[in-house]
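The values are calculated or read from the model by the stated rules, or taken from the named source; none is laboratory data. All figures in this text were calculated on a predicted structure; none of them were measured in a lab. Don't worry about glycine lacking a Cβ; one is built from the backbone with ideal geometry, like all the others, and counts go over all protein chains shown.
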Amino acid sequence: MPVVRDEHELPIHNRKLHASRLCLLIRVLTCEVNLLVALLPPTLETSMRTSRTSLITAVLMASCVGSASHAAIVGPGDVTPTVTEGFEDFSYGYHSDPLSVFDGLATITGESGNGVIVARSWHYNGVVTPHAEAKFIGSPGQPVRYRFSMPMNYFGGYFATNSDTADGFIDFFDEEGALIASEALTASRAMDDGTPWDWNGFFLDSPFSEAVVRGNSETGGFVMQDSLEVRVAVPAPASLALAAGAGLLAARRRR
């Protein structure tokens, strides 16, 4: 029987890692706030010192918001993607080397380094045909890994499976390779009379650099994918800069 994981479960070691990183960030930001206050002109320094507690509180709140790793489930059309991928530019058949997808923003391969298959139909425990146009991709014996050249915050598309076990999950990793979210993936079993493609869309509040699509089959493979879309994560202003700006504004209002 496949193991079904809680869609918001993170391994204990990853939770401890994120907690330790947050504590380090808090200490660094607090030191920078103190340095910022010390470098201010005397007229502002006094006012800023009186609001240091509020300033540090704002920094901590901003840093805590930025460190969350939650994926919101979104529907088709809810998010405007940066780029889409339908695999129409690739030749049919097995590709042993990583494929450059999403207009060069990512590569796709099997999780253990093996290739993927670009197909127009796939017969195995049912028949899979494309969701749109003429092609789709899948992996016969392992999960599929996407590696992005830029941080992303959204991944969506249509999924199906021709294994004997429906559904799966998708893991998101940050640029350091740490797991930041694991979400349940709906992928209905293909039947002989057609492919029931299922939409799955995930919007993360923490940027991810890798995504791994796993099926609930014994090998983790046989999850077919088509009509995919992603969005580049727009860099947010630094937490310290936002908090410092708020503190300066408060100080000026007190004068």
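Highlighted here are the strands (runs of 3 or more DSSP E) found entirely within region 75-137 that include at least 2 residues which are in contact (Cβ under 8 Å) with a residue 60 or more places away in the chain and within 18 Å of G156 (Cα to Cα): 83-85. Taken residue by residue, region 34-43 has no member that is of a type in the set (S, T, N, Q), surrounded by fewer than 19 Cβ atoms within 10 Å (Cβ to Cβ), at pLDDT below 95 and within 25 Å of the chain's Cα centre (by Cα). Confirm whether G141 is among the small types (G, A, S), modelled with pLDDT under 95 and surrounded by fewer than 22 Cβ atoms within 10 Å (Cβ to Cβ). Yes; evaluated as a whole, the condition is true for this residue. Suppose the filter is touching a Ser or Thr at 6+ places or on another chain (Cβ under 8 Å), over 13 Å from V223 (Cα atoms) and either surrounded by 16 or more Cβ atoms within 10 Å (Cβ to Cβ) or of a type in the set (K, R) (or both); does P81 pass it? Considered against the rule, which asks whether it is touching a Ser or Thr at 6+ places or on another chain (Cβ under 8 Å), over 13 Å from V223 (Cα atoms) and either surrounded by 16 or more Cβ atoms within 10 Å (Cβ to Cβ) or of a type in the set (K, R) (or both), P81 comes out as no. You will find that of F172, F155, the residue that is in contact with a Leu (Cβ under 7 Å, 6 or more places away or on another chain), in a strand (DSSP E or B) and either touching a residue at least 24 places away in the same chain (Cβ under 8 Å) or surrounded by fewer than 20 Cβ atoms within 10 Å (Cβ to Cβ) (or both) is F172 and no other. Anything in region 95-137 that is small (G, A, S), on the phi > 0 side of the Ramachandran plot and crowded, with 16+ Cβ neighbours inside 10 Å? List them, or say none. Across region 95-137, the qualifying residue is only G126.
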